[in-house]
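The values are calculated or read from the model by the stated rules, or taken from the named source; none is laboratory data. Worth saying up front: this structure is predicted, and the values here are computed from it rather than measured. Side chains included, ligands, DNA and RNA excluded: accessible areas come from the protein's heavy atoms. Shrake-Rupley method; radii C 1.70, N 1.55, O 1.52, S 1.80 Å.
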Amino acid sequence: MRIYPAIGSLAVALALTLIAPAQAGEVTRYVPEGAFIAQSVVVPAGYETIYISGLLPPHNDQAGPAGSTARYGGNTEAQADLVFKRLEEALAVQKLGLGDVVMMRVYLAGDPAQGGAMDFAGMMAAYKRYFGTPTQPNKPARATMQVAGLVGGPGPLIEVEAQAVRRVN
């Protein structure tokens, strides 16, 4: 059986296309006008996912009374600032930054100073200093919920877990 040169070349090109790794596209974030979070994020083939465990604020003030919010850095905004800094550090270990975060879950405990309600505004004040800024414009998809309590409580008011992605070489 004779294979014509043009058909043979086509067969080789097709075979190489099928065995070559797919070219990775870019991460796409769908952010409605004026929103502080992405409505959705699409991560194409060619990326790996890094899962960051829940991060609490550090015991910032050992002199603060046990079980107090002061022991963990203060109110929700102050604690959130500490947690987002810890998130930056955890990502840096993986050679990533906040702009690589595609999904985040924020757990807020009720703040005694607010009658036991979560301080969403305080968390958002800190969040806006890290996400959607001129220097770091990316916004992750996110869920925020109030929980009955957090590990180490009472005292910690926020815990954040995140998923980040990076292109595989």
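Below, the figures for the structure above:
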| item | result |
| --- | --- |
| For the stretch 75-147: accessible area per residue (Å², 1.4 Å) | 45 Å² |
| Additional length obtainable on full extension of the chain from Thr135 to Gln94, 0.36 nm per residue less Cα span | 12.8 nm |
| Compactness index (Cα Rg / 2.2 N^0.38 Å), the stretch 22-158 | 1.12 |
| Nearby aspartates and glutamates by direct alpha-carbon distance to Lys139 (threshold 19 angstrom, same-chain neighbours under 8 apart not counted) | Glu26, Glu33, Glu48, Glu77, Asp81, Glu88, Glu89, Asp100, Glu159, Glu161 |
| Other-chain or far-sequence residues with amide H under 5 Å of Asp111's (modelled H) | Gly116, Ala117, Met118, Asp119 |
